[in-house]
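Let me begin by presenting the structure, written as structure tokens, before commenting on it.
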Amino acid sequence: MERLFRGVLKHRGWVIAAFVVLTALCAWCIPQVAIDANMSDYLPESAKSSQDLDFMKSVYGNDIANARVYVTGISSIDAASYEKELEKEDDVISVTWLGDEVDMSEPLQVQDQDTIDEWYDSDTDGYLYSVVLNDDVDQARIDDIRAKAQALPGAKTVAIDGSAASTAYNMSTISSDMTRIMLIAVVVVFVIVLLNTTSYLHPVVMLLTIGVAIILNMGTNIFRGTISNITELVASVLQLAVSMDYSIVLLTNFGHAREHNDDQFDAMVEAMTKSFPVILSSAAVTFFGFLSLAAMQFQIGADMGIALAKGIVCSFFSITLLMPCILYGMRKAVEKTTHAPLIKSFNKMARFCTKGSGIAFAIALVIAVPCLLASNAVSFTYSESANLAADAPVKTDGKIIDDAFGESQVWAIMVPEGDWADEADLVSDLQSLDTTKSVLSWDTIAGSALPYQLGGSASEQLINKGWSRIVLTSNISDESPTSYKLVDTVRDLCHKYYGDDYKLVGNTVSYYDIRSVTTTDNLTVKLASCIAIAIVLLIMFKSVSIPIILIMAIEVSIWINEAVPYFTGETINFVAFLVIDAVQLGAAVDYAIIYTEEYLKLRKQMPKREASFTAIEHTAQPIITSSSILILACLGIYLSVSSPMIQQVGMLIARGALISVILIFFVLPLLFRICDGFVRHTSYKIGFYMGDGSQAATATATESATDSAADAPSDTNDPDGTER
């Protein structure tokens, strides 16, 4: 490895040129990557709602209604003309309004009032339009639809909602949210690294290197074709925050090498060689932690897991190869911009952590099981509307429409054509449900005795390719106990008449299946991430006990983090909750590895109490620097983005990183002291320091006197806290 790194540094010009070319290519590829904000697209192929939706689109060529447009203050003539204008829009597939349900040439007062009330609000002269939009409709088209409605004579209020409008709005906020997220992350990294390193150029070099890695990662997403909007928003900032560990390790080792080697070339080669196994180990653990998300049935896990794991690979090569070349090439400028670090000694912190270890361990022991149980009882949200900010236009518009016409969900049911008696019975059962607003089928508009060919093109949306479609409109919300119960009820009714030979499609139906799939995904991700990381740690440390100790400490921190929403009564988006296991475990284990590596090295030279204390002193700076970047960057996400789901991801990761660091500094050292014999007997050639007889006796007497923190510094420090 030393020969390899010496060659890399010697030919640094070629290395930098190669990265520049790759970065330019990937930067060009980034805009070519499609972004998908529809969570239903990530259902597994085995999910019935996913299969039914694909089949329905293949038969009818369109989806069911996915938007509502409400315009008040207009006349019936203008309402009819607006319906024609809507149909001319490029992304509009079909429009249904009052004129399709009643004869507009007749006075509305003498026609069926229940039907009229579904489409017309007499108090505001408001007309409702049910619209089928293309799946990829953008916000510009929604704004155009709104503008044309506002241009109608007398138009007052224009409101647009629905899943298509929600998706378009979410997509429109990605660019601004992404800019805010990265700006905050860059500022956080720059300030924290500046305060904890010895040159004003160090944070510049770090940000430049990680920036290259982020561009490489985002650009290579082109080979995947499409990524989710969640991945687009959080992958880069998580890559930035997590990868800082590796650059800090390299920079720290370079500083140590410079203390005894005046030749900067040799010092950098030594730092690269010494850092490589530590960075490789940390990167491998984080890589498999993120990749474990791919074990989820819900494909958003694979989408995020692959992107995050790929980001770790890009960061690994950028930091181990590119950063040393840049840092060495700028060595003269770095030397001219040196400054003293903010904190020179962490002795007092080590004393405090060691003193409080017993109390912290007792608290963790007491709350671990209750927190585990609470984390399994958290309430989740699944709908797209739950991912909208309270002041989002599409959400306020939805409230306006709901106030006028009530909540509404449109589902479509496909049954075999020709079984008119069974279809009539099914329609009758659906109409009798308390939640039903209307049922549209060929039977209800024409009667089964009338040949459907007489209906013209409109009939093709009901009868097509041997299938008959029933459109059920219910007064339910996107997700609620009533909504999910209705899915079971309608599926049971369909099964009663048609067995498994039916298709059911609707937003709530998709959310129902998402909920069913993700119920098992939570346990799957936990097990996959723990097993993958345990195997890497087992190989890395050649020990059975060390992976158990590290994962146990970090898992407790995850349970505590996940239990907070339960105790505060907060409802969490299911995606945010699912990813936290892998992300928190993958990030926190980096900090645990840094501490463990130092502890094991020191334990070969001194007794366990002294080793655990000194290890805190030596690792506090890199761990605090890295974790504070992750915490503050994710808090920046929480404070800056508009999406509640992304806010929750930010808060969960920030809080999880803080809890993990607390347990690593307070509980992990004590665990190593308690399990010293267990570690010694379950590790391959670990070589712990035992000392001669007098030393062993002294150490034993000292260790048995008390397990408090005061004993550790009293043997290694003067009363004023300075090291002897």
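The values are calculated or read from the model by the stated rules, or taken from the named source; none is laboratory data. What you see is a predicted model, and the numbers here were worked out from it, not measured in a lab. Note: ideal-geometry Cβ built from the backbone for every residue, glycine included; neighbour counts use all protein chains shown.
Just give me the residues in the stretch 636-645 being more than 15 Å from S385 (Cβ to Cβ) and assigned to a helix (DSSP H, G or I), in sequence order. Outline the logic, then answer.
In the first step, residues of the stretch 636-645 are kept if they are more than 15 Å from S385 (Cβ to Cβ); the result is 636-641.
Within the stretch 636-645, G636, I637, Y638, L639, S640 qualify.
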Note to self: What's the number of the only condition in (1) in the same structural domain as I145 (by TED's automatic domain parsing); (2) over 30 Å from the mean Cα position of the chain (by Cα) that A67 fails to meet?
What the structure shows: (2)
Next item on the list: Could you check F298 against (1) part of a helix (DSSP H, G or I); (2) under 16 Å from T226 (Cα atoms) and say which number it fails?
Entry: (1)
Note to self: I'm trying to understand the selection: among the residues of the stretch 244-269, which are in contact (Cβ under 8 Å) with a residue 40 or more places away in the chain and acidic (D, E)?
What the structure shows: D245
Check: Regarding I558, is this residue in the same structural domain as L668 (by TED's automatic domain parsing), buried (at least 21 other Cβ atoms within 10 Å of the Cβ), hydrophobic (A, V, I, L, M, F, W, C) and modelled with pLDDT of 90 or more?
Finding: yes
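Can you find even one residue in the stretch 182-191 that is surrounded by 15 or more Cβ atoms within 10 Å (Cβ to Cβ) and either of a type in the set (S, T, N, Q) or assigned by TED's automatic domain parsing to the domain that holds L632 (or both)? Give the steps one after another, and end with the answer.
In the first step, residues of the stretch 182-191 are kept if they are surrounded by 15 or more Cβ atoms within 10 Å (Cβ to Cβ); the result is 182, 184-186, 188-190.
Add one more test, that the residue is either of a type in the set (S, T, N, Q) or assigned by TED's automatic domain parsing to the domain that holds L632 (or both), and what stays is none.
No, that holds for no residue.
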Margin query: Checking the condition closer than 25 Å to P622 by Cα and among the β-branched types (V, I, T), which residue from I214, I222 passes?
Written below: I214
Margin query: Among the residues that make up the stretch 332-347, is at least one of them part of a helix (DSSP H, G or I), surrounded by 17 or more Cβ atoms within 10 Å (Cβ to Cβ) and within 34 Å of the chain's Cα centre (by Cα)?
Written below: no
Notebook entry, point to check: Looking only at the stretch 374-422, which residues are in a helix (DSSP H, G or I), in contact (Cβ under 8 Å) with a residue 40 or more places away in the chain and hydrophobic (A, V, I, L, M, F, W, C)?
Noted result: A374, A386, V394, I400, I401, A404, F405
Check: Quick one: would you say Q621 is outside any helix (DSSP H, G or I) and over 22 Å from I230 (Cα atoms)?
Finding: no
Item checked: Residue match in the stretch 85-94 (condition: under 28 Å from S516 (Cβ atoms), at pLDDT below 90 and not small (G, A, S)) -> no
Next item on the list: Output the residues belonging to the stretch 404-428 that are surrounded by fewer than 17 Cβ atoms within 10 Å (Cβ to Cβ) and over 20 Å from N507 (Cβ atoms).
Entry: P416, G418, D419, W420, A421, D422, A424, D425, S428
Item checked: First in the stretch 223-243 and charged (D, E, K, R), second anywhere and at pLDDT 85 or above, Cβ under 6 Å, 6 or more apart -> E232/I35
Item checked: Count - residues of the stretch 138-192 that are among the polar types (S, T, N, Q) and under 30 Å from S628 (Cβ atoms) -> 4
Item checked: Output for the stretch 276-319, where each listed residue is surrounded by fewer than 24 Cβ atoms within 10 Å (Cβ to Cβ) and farther than 21 Å from S529 by Cα -> F276, P277, F317
Item checked: Residue count for the stretch 109-134, restricted to those that are surrounded by fewer than 18 Cβ atoms within 10 Å (Cβ to Cβ) and closer than 24 Å to K88 by Cα -> 1
